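Here the structure comes first, spelled out in structure tokens, and everything after it is commentary.
The values are calculated or read from the model by the stated rules, or taken from the named source; none is laboratory data. Values in this document were obtained by computation on a predicted structure and should not be read as measured data. Heads up, the Cβs are rebuilt from the backbone with ideal geometry, glycines too, and the neighbour counts pull from every protein chain shown. These area figures cover heavy atoms from the full protein model, side chains too; ligands, DNA and RNA do not enter into them. Shrake-Rupley method; radii C 1.70, N 1.55, O 1.52, S 1.80 Å.
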Amino acid sequence: MIMFEVLIIGIPAFFLSFQPNDSRVSGNFISYVIKKSLPSALLMVLSVFVVEIFRMTTPNANKEIFDTMGIYVLTFAGLINLYITCKPLNKYRSFVFISNALLVVIISAIAFTGVLENIISLVSLLPFKDNLANILIILLITLANIPLSLGLQKLFEKLDLTNIINKKKA
């Protein structure tokens, strides 16, 4: 589990911090940060929520399987958010995104198939080699997250949060 957070948050944030940025944030800084971060947070929460719905509707559900599914959908939602963070893409940001995405896909493929089970068990992931339905659920949630992410980004770009923030200050 920790491996995925390092690949989605830690390493990309470290390397993206070296990108020069001389542009100033125009307008209300807090409003800007909320508009950029809240859609990503909502995407991650909704992804895990859908897995929890599957857990509740599945009788005799194996808690560990659904915990592992939650880790994967959270990771892939984080990968979508990493792509959004890397935009506009240049050679450097493309390399950061693609290299981390490839590592996540390779590690996921190893975990899904159960190869190297001793290593996978150290990071609390269960292999899905005997249960294709779980992989399909993860895939469907991830594929649904792509347009959902774009929609959330557009929705929050249109929101005028400055009035709400200014009311709290007064």
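Assorted remarks:
- Sparse-neighbour loop sites [trypsin sites (Lys or Arg not before Pro); region 10-87; at most 13 other C-beta within 10 Å; DSSP]: Arg24
- What a 1.4 Å probe finds exposed on region 1-94 is 69% carbon and sulfur by accessible area, rounded to a whole percent.
- In region 1-52, the alpha-carbon atoms span a convex hull of 88 Å³ per residue.
- Report note on the peptides 7-17, 149-159: ranked by the mean count of other C-beta atoms within 10 Å, highest first, their order is 7-17, 149-159.
- Sorting 80-90, 64-74 by their mean Cβ neighbour count within 10 Å, with the most densely packed peptide first, gives 64-74, 80-90.
- Listed pairs Lys91/Lys154; Lys35/Lys154; Lys35/Lys87 exceeding 21 Å between Cα atoms: Lys91/Lys154
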